[in-house]
Amino acid sequence: MNRPMPAEFPTAGLVAELQSLGLRLEGEPAGVQGRRGGAGPSDHKAVTLADRTVMIPVATAPAAASPFVAGPPDAQGSAVIRRDGVAVAHITFPRQPRFYDLATADGVPYSHIATLHGADVLATTVLQSCIRYGNRKTTCQFCAIGQSLAAGKTILRKTPQQLAEVARAAVTLDGVKHMVMTTGTPNLADRGAAILCESAAAVKAAVDLPIQGQCEPPDDAAWFARMKAAGIDSLGMHLEAVTPDVRARIMPGKAGIPLARYMDAFDAAVAVFGRGEVSTYILAGLGDSAEAILTVCERLIDQGVYPFVAPFVPIAGTPLKRHPPPEPQFMQAILPRLGAMLKRAGLRSADTTAGCAKCGACSALAGYEV
């Protein structure tokens, strides 16, 4: 029988701690199979805690030393998390999606085309390569986009037809609620917007599924209207770091797009997609101070952009594999204040149509919006 946990472990704070420190798993892995390398939340596992599904690092070096341990799940699929031997939460594991059992007519597993994130989000990297990847002078130091491709866990280019086929199956078989389409940067002109347009149009023709597209700011603001017309409901343009020196050190190639260019692009995108339907991903723990992150977030919120702040997670095989994740105290210096800012501005993750902020699994931020 599930017993209530001590009141001193509120859900948002516990999630923030777990996402910084990671989780050790005892026994056979349960639920959705985790993924090493690649784009998106790698080296994580989805767990459901207090009716909220979150992504927790389980395969990172810091997670191996975490004070949090989850025992084997019982017959009902429930497990207990303990910190230093004291029970702090009951969790369950989302089941493996049914669409993972399927493959295209030419033998490509559906899971190589798109994967389940959180509990009900379909995610894909349409182009599993980037013009900057593989060159230490230009690559983002945290990026692992090529790892899952090298491991044979995905394919280089997902066609619009493949994406439509998998999206239809994921909705029909697994009740997927929205979709995230990201892409490696293929060029320095549209920066992936064209690929997203053709992909979204095919999915929307096959199934009624809200879509977030993610790319760098395209060279021409006209692409925002084209993406909207193609069926992209929400747009993510990710800063990752917010101060010039950290951006230059961590993202030497991407830092060539100055912050001012991003801010102009955010204004142009909000004019098309609407307030709260444009977001940016910020990784806490790369070197930006809490105050620097909050200052930029305040400006973004004023522009109608949702700043999705998540803790940095070191991924094996990347230049930052030994870079420590942020301490829980660092996240506590950001998330409650940011949540209050969002609440005052009326920007709620639940009101976003699709995407990372809507899902919220990679950060405890949504728990601080109340």
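For region 87-128, what does the convex hull of the Cα positions come to per residue, in cubic angstrom?
102
Take every Cα-Cα distance within region 94-156, group them into 10 Å bins from 0 onward, and report for each bin the whole-number percent of pairs it holds.
19, 44, 27, 10, 0
On the first, second and third principal axes, largest extent first, how far apart are the outermost C-alpha atoms of region 217-277 in Å?
36, 21, 16 Å, listed from the longest principal axis down.
Quick one: 3J(HN,Hα) in Hz for region 346-357, Karplus 6.51/-1.76/1.60 with θ = phi - 60°, rounded, Gly and Pro as x.
With the stated coefficients, region 346-357 comes to x, 9, 10, 4, 5, 8, 6, 6, 7, x, 4, 5 Hz.
Going by amide H atoms built from the backbone, whose H comes under 5 Å of the H on Arg24, apart from near neighbours?
It is Phe68, Val69, Ala70, by chain and number.
Using label points projected 7 Å from each Cα along Cα→Cβ, tell me how many nm separate Arg24 and Ile131, to one decimal.
4.6
Relative contact order for region 190-283: what is it in percent, counting Cα pairs under 8 Å that are at least 6 residues apart?
Across region 190-283, relative contact order equals 32 percent.
What percent antiparallel are the DSSP beta bridges of the chain, to the nearest 5?
50
Add +1 for every Lys or Arg and -1 for every Asp or Glu among the other residues with Cβ under 15 Å from the Cβ of Thr353, and state the total.
That works out to +1.
Can you tell me which of Pro244, Pro94, Pro336 moves the most in a GNM of the chain? Springs connect C-alpha atoms under 10 Å apart.
For the chain, modelled as a Gaussian network with Cα springs under 10 Å, the answer is Pro244.
If you take every residue apart from Ser199 with its C-beta less than 15 Å away from the C-beta of Ser199, what net charge results, scoring Lys and Arg +1 and Asp and Glu -1?
Around Ser199, the charge tally is +3.
Pop the C-beta distance of Val69 and Arg98 into the FRET formula with R0 = 30 Å and round what comes out to the nearest 0.05. All intermediate terms of the calculation are to be shown ahead of the outcome.
Working: r = 30 Å, r/R0 = 1.01.
Rounded to the nearest 0.05, the efficiency is 0.50.
With only alpha-carbon pairs counted, each pair once and no self-pairs, how large is the Kirkwood hydrodynamic radius of region 104-193 in angstroms?
Details: mean 1/r = 0.0714 Å⁻¹.
That comes to 14.0 Å for region 104-193.
For region 257-370, what number results from the quotient of the Cα radius of gyration and 2.2 N^0.38 Å?
1.06
Send over the Kirkwood Rh of the chain, from the inverse of the averaged 1/r over different Cα pairs, rounded to one decimal Å.
In the chain this quantity evaluates to 20.6 Å.
From largest to smallest, what semi-axes in whole angstrom does region 178-316 give when each is the square root of 5 times an eigenvalue of its alpha carbon gyration tensor?
25, 16, 15
Leaving ligands, DNA and RNA out of it, report the carbon-plus-sulfur percent of the accessible area of the chain at a 1.4 Å probe.
54
If you build a Gaussian network model of the chain, linking Cα atoms that sit under 10 Å apart, which residue out of Gly85, Gly118, Gly276 swings the most?
Result: Gly85 has the largest fluctuation of those listed.
Could you check the simple spin-label distance between Ala87 and Ala205, using points 7 Å along Cα→Cβ, in nm with one decimal?
Simple spin-label model gives 5.4 nm for this pair.
Considering all projection directions equally, how large on average is the shadow of the alpha-carbon convex hull of region 148-216, in square nanometres? The partial results should precede the final answer.
On the way: hull surface 19.8 nm².
Averaged projected hull area, Cα only: 5.0 nm².
Hey, how many Å between the Cα centroid of region 115-170 and the Cα centroid of region 288-363?
For region 115-170 versus region 288-363, the Cα centre distance is 22 Å.
Distance cut-off 20 Å, Cα to Cα: go down the list Lys153/Lys204; Lys177/Lys204; Lys45/Lys321; Lys45/Lys358 and report the pairs above it.
Pairs exceeding the cut-off: Lys153/Lys204.
For Ala265, what is the net charge nearby, where nearby means another residue's Cβ is under 13 Å from its Cβ and Lys, Arg count +1, Asp, Glu -1?
Taking every other residue near Ala265 into account, the sum is -4.
With each label point set 7 Å from Cα along the Cα-Cβ vector, what nm distance links Thr172 and Asp220?
Going from the Thr172 label point to the Asp220 one covers 3.8 nm.
The values are calculated or read from the model by the stated rules, or taken from the named source; none is laboratory data. Keep in mind it's a predicted model, so treat the numbers as computed, not measured. In this analysis, Cβ positions are derived from the backbone assuming ideal geometry, glycine residues included, and neighbour counts consider all displayed protein chains. SASA here: full protein model, heavy atoms, side chains in, ligands and nucleic acids out. Shrake-Rupley method; radii C 1.70, N 1.55, O 1.52, S 1.80 Å.
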